[in-house]
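This report concerns only the one structure given below.
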Amino acid sequence: MQNTNTGTYYQLTGEVLSKAKLKWVLGIVGLILFIAGSMFAVDWMIYLYKIEGNYYAGVAKPTISLLCLVLVVLIGKNYLDRRDWVLLLLAFCFMLPTDILMSVVGLNPDVPVDSPIFMVGGVLSIFAHIVLIIRLGRGFPYFKSSWKERYPDQTLLGKIWLPLAVYGSAVIAIIILWDDMALVGHTVIGPIYTAFFCTTTWFAWETVRYKLYPRLNAWFAALAATCWYLTEITGEIYNIGIGDISEIIYRIIWIFYGTNVVLFALSGFRWKE
């Protein structure tokens, strides 16, 4: 619903986050940062010193996702609106098992990237994206004819440049990586999955452009989706296995994905009036 007093397109029904709960939120975020920092340090030590096994990182990654799920549950009555919170919670219920399965793949180098474990994780991730797309779309008001009344001077190019940039950049990346993707059997699942994470990124940035969320929440969601986009592009570079480049990329992926899960969790809180 449009708020005619502020020019925004949302209606807040939840309670503002209290100072007491804010301390808990910051404490959990601090714990996440500590785990992430130690995990990245271990990852690089394993690579630089050629240490066998990567069990700490394999456990730490889904632990971070679990803590982000705890953050989402902690939102409670401090949501933007109840529907938004339920959809965010459902998305994390798909994201957590996805991260667990992907960590299993990472822990066992003998598991191929086209294994059933990897594929199930990919399908669950698609479900997460579908839920996030519905959440971030906020009813997709910009597709309705009545939306023209709000932006009467907006040109066709002004409306479509954002999805063109998102999908276009992904298509360029796929073209560059196509031959290597074919070698690992990702020529079907790769483009399909790309369509989903690009759509999530597109709709996330529409929340910023059209003020479908409070400003801070919109930016959290948009940056989270962008980090997930970067996760998948860099993740595919790792999956195709091109020597040291893939190994270095593996140490970078979770910088993006860890930021993604934290920011998506934080995007659900009502921070202020």
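The values are calculated or read from the model by the stated rules, or taken from the named source; none is laboratory data. Worth saying up front: this structure is predicted, and the values here are computed from it rather than measured. Using ideal geometry, Cβ is built from the backbone for each residue, glycine included, and neighbour counts are taken over all protein chains shown.
Worth a mention:
- Screening residue 149 with (1) at pLDDT 95 or above; (2) over 27 Å from residue 236 (Cα atoms) gives one miss only, at (1).
- A single member of 228, 271 is in a helix (DSSP H, G or I), at pLDDT 90 or above, of a type in the set (Phe, Trp, Tyr) and out of contact with any Cys (no Cβ under 6 Å at 6 or more places or on another chain), and it is 228.
- Criterion: over 18 Å from residue 36 (Cβ atoms), surrounded by fewer than 23 Cβ atoms within 10 Å (Cβ to Cβ) and touching a residue at least 12 places away in the same chain (Cβ under 8 Å) - qualifying residue of 252, 237: 237
- Pairs are defined by a Cβ separation below 7 Å, a sequence spacing of at least 6 or placement on different chains, a first member in the range 49-70 that is closer than 19 Å to residue 259 by Cβ, and a second member that is at pLDDT 80 or above and among the aromatic types (Phe, Trp, Tyr); the pairs so defined are 61/254; 68/92; 69/92.
- In the range 89-118, the qualifying residues are those that are hydrophobic (A, V, I, L, M, F, W, C) and modelled with pLDDT under 80, and the one that is nearest to residue 199 (Cα to Cα) is 118.
- Complete set of residues in the range 23-53 that are part of a helix (DSSP H, G or I), of a type in the set (Val, Ile, Thr) and more than 22 Å from the chain's Cα centre (by Cα): 42, 46
- Some residue of the range 165-181 being out of contact with any Gly (no Cβ under 7 Å at 6 or more places or on another chain), buried (at least 19 other Cβ atoms within 10 Å of the Cβ) and of a type in the set (A, V, I, L, M, F, W, C): yes
- Any hit, the range 76-96, residues being buried (at least 19 other Cβ atoms within 10 Å of the Cβ), part of a helix (DSSP H, G or I) and β-branched (Val, Ile, Thr): no
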